[in-house]
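The values are calculated or read from the model by the stated rules, or taken from the named source; none is laboratory data. Source: prediction; values computed, not measured. As a convention, Cβ positions derive from the backbone with ideal geometry for all residues, glycine included, and neighbour counts pool all protein chains shown.
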Amino acid sequence: MRNGSLLRLQLAFAAFNGAEWAACVCLLVYACSVGGATAAGIMALVQLIPCIFLAPYLGAPADRRRPGRVLLAGYLVQTQPASAHAL
């Protein structure tokens, strides 16, 4: 609590983590309301399967770089609007 930089980092991580979980739950609730449990299950798989295949290939290069920069790059990629990813 005495280190202001560490406290800000922890608060930022908590806010990001809460927003990420909220978005995931919202997507699953919407899918369930539109198509029932099957649609919610498919939505969960669509979100998780890419991680299974990408993690081994992205993990090794990420370990070779400074952790703070890797975290910053990940957050920046996630904050880009959907239209930016289509370009």
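Observations on the model:
Per-residue answers, yes or no, for (1) more than 15 Å from the chain's Cα centre (by Cα); (2) at pLDDT 90 or above:
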residue	(1), (2)
Asn3	yes, no
Arg8	yes, yes
Ala15	no, yes
Gly18	no, yes
Cys32	yes, yes
Thr38	yes, yes
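- Subset of the stretch 43-65 [modelled with pLDDT of 90 or more and in contact with a helix residue (DSSP H, G or I) (Cβ under 7 Å, 6 or more places away or on another chain)]: Met43, Ala44
- Considering residues of the stretch 66-84 that are among the aliphatic types (A, V, I, L, M) and exposed (fewer than 10 other Cβ atoms within 10 Å of the Cβ) only, the residue modelled with the lowest pLDDT: Ala84
- Hey, Leu11 within 21 Å of Leu76 (Cβ to Cβ) and in a helix (DSSP H, G or I) or not: yes
- Residue-level analysis places Gly35 among those that are part of a helix (DSSP H, G or I) and surrounded by 10 or more Cβ atoms within 10 Å (Cβ to Cβ).
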